[in-house]
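Student: My structure is below; once you've seen it, I'll send some questions.
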Amino acid sequence: MTTRASSTAFDSMWSDLEPVGRASSGGYRRFAWTADDHTLREWFAAECARRGLDLTTDRVGNQWGWWWDGPGTVDEAVAAGRKALVIGSHLDSVPDGGAFDGPLGVVSSLAAVDLLRAAGVTPQVPVAVTNFVDEEGARFGIACAGSRVLTGQLAPERALALTDADGTTYADALRAAGRDPAELGPDPETLGRIGAFVELHVEQGRALVDLDAPVAVASDIWPHGRWRFDFPGEANHAGTTRLVDRRDAMLGYADLVLGARHVATQRGCVATVGKVHVTPGGVNAIPSHVTGWLDARGADEDQVVAMVEELTARAGEMGATVTQESWTPTTRFDAALSERLRRVLDRDAAVSAPVLGTGAGHDAGILATAGVPSAMLFVRNPTGVSHSPAEHAEADDCHAGVEALAACVQDLTTEGAA
């Protein structure tokens, strides 16, 4: 397949997205159902229109650009046993996140469609490019909210009641964005169209640097979850209250931070306390309440569970209440689909495509849990850094990712491919 047209398209789309939601830090603040999110959604719609893709939006707000040149409609093709292959990712970000986490998959998917069309490839099943909404959970606290609600793994009433840091509910955010909160809910009709999902994503780590490979296939996602720890205290004057008389909520939070590092090291896991709210929040006031959020992950599910139980017990001794906000057990991608992608990548590679596990959650993992055959491709990240402005991928590796994704789509959607 010729690559010049797809490389040009990729570079042009990347340039268009680069300024959207960029903060003074150099990172991005592309949060769900904000003005920047609206700009991103309009950009996606325009790119779909430019390619003649039929744009649909499901009950959650996830966007789908459908490519089908066969007889009848997409639904008629699905009814005839030709379920769609879906590719894509998300466009939102964490606070001050990098440019590549999410958008690389969306842009690469659109460029892969260009590459296949330029080569005269006609898929025998529908192909869709998707933009999942609110994957990072940066605004309302639950990651992969768009795919979780779609698949019924997050109840709409719970989602609508979520609030952001300003107290805006998810329902109010939808109204402000011109959507009816009553429409939010699982969408079995859209889900039923999907025969397989392949998500391309920048690597969140540096294994591919060490392996000297531009693209890899994912094997699984580590178990991971989020917990909220609420520590009680009593507000008082910082200068006039004796240490012995203090009930300082910050002490419990400090124990959580240090304990998370200690217990994670002992159990071979990773634990992060990356968000905190302090009340009343004055420099000269003893905290009356501190809320901290724990992110816990690891390759061994039993060890992650044991780590959280130990930290919960420690926090309980400090008077804290602990609330589990999300939990996803080990997610293994479809073995047959992943092996097929690996064989496709091996055809033109000097060495076998690496197969890697990941500690990061993805919409592909949510769909896999819902029974959709799912797989992922990773593109090399030379810094190994993610969720930071330092996140990066070289242009040549991005273009290699487009070529790899296009080859996989061709293999999975054309008769006689193996």
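The values are calculated or read from the model by the stated rules, or taken from the named source; none is laboratory data. The shown structure was predicted, so the numbers you read here are calculated from the model rather than taken from an experiment. Reconstructed Cβ throughout: ideal geometry from the backbone, glycine too, with neighbour counts over all protein chains shown. Remember, those area values only see protein heavy atoms, side chains included, never the ligands or the DNA or RNA. Shrake-Rupley method; radii C 1.70, N 1.55, O 1.52, S 1.80 Å.
Student: For the full complex of protein chains and a 1.4 angstrom probe, list 42, 339 by accessible area with the highest value first.
Tutor: 42, 339
Student: Averaging sequence separations of C-alpha pairs under 8 Å and six or more residues apart, then dividing by the length of the range 52-182, give the relative contact order as a whole percent. Mind dumping the intermediate values first?
Tutor: Values: 199 pairs, mean separation 31.6, N = 131.
With pairs under 8 Å counted, the relative contact order is 24 percent.
Student: Please state the relative contact order of the chain as a whole percent: Cα pairs under 8 Å, 6+ residues apart?
Tutor: Numbers: 908 pairs, mean separation 89.2, N = 418.
Contact order relative to length: 21 percent.
Student: Heavy atoms only, 1.4 Å probe, whole protein assembly: order 14, 67, 327 by accessible area, highest first.
Tutor: So the residues, ranked largest to smallest area, are 327, 14, 67.
Student: At 222 nm, what value in deg cm²/dmol follows for the chain if DSSP H runs of at least 4 each add -39500 (n - 2.57) and the sum is divided by all its residues, to the nearest 500?
Tutor: -11500 deg cm²/dmol
Student: Express the carbon and sulfur contribution to the solvent-accessible surface of the range 81-223 as a percent, rounded to the nearest whole number, probe 1.4 angstrom.
Tutor: Exposed carbon and sulfur together represent 49 percent of the surface.
Student: Working from Cα positions, state the angle (0 to 90°, nearest 10) between the long axis of helix 395-413 and the longest principal axis of the chain.
Tutor: Tilt relative to the chain: about 60 degrees.
Student: Each residue of the range 222-237 in order: what ³J(HN,Hα) in whole Hz does its phi give by Karplus 6.51 cos²θ - 1.76 cosθ + 1.60, θ = phi - 60°, with x for Gly and Pro?
Tutor: These are the phi-based 3J(HN,Hα) values: 4, x, 7, x, 10, 10, 9, 10, 10, 9, x, x, 9, 5, 6, 6 Hz.
Student: At 1.4 Å probe size, put 369, 169 in order of accessible surface, largest to smallest.
Tutor: Largest to smallest exposure gives the sequence 369, 169.
Student: Measure nothing fancy, just the Cα-based angle from helix 249-267's long axis to the longest principal axis of the chain, in degrees from 0 to 90, nearest 10.
Tutor: Result, in degrees: 50.
Student: Another question, then. Against the longest alpha carbon principal axis of the chain, how many degrees, from 0 to 90 and to the nearest 10, is the axis of helix 301-317 turned?
Tutor: 20
Student: 7 Å from Cα along Cα→Cβ at both residue 12 and residue 343: what's the point-to-point distance in nm?
Tutor: 3.6
Student: Let me ask something additional. What is the calculated FRET efficiency for residue 302 to residue 355, with r their C-beta to C-beta distance and R₀ = 30 Å, to the nearest 0.05?
Tutor: Between residue 302 and residue 355 the formula returns 0.80.
Student: Which of (1) 20.1; (2) 21.1; (3) 42.1 is the computed mean projected area of the Cα convex hull in nm² for the structure on display?
Tutor: Correct label is (2).
Student: Accessible area per residue of the range 320-418 at 1.4 Å probe, in Å²?
Tutor: Per residue, the range 320-418 has an accessible area of 40 Å².
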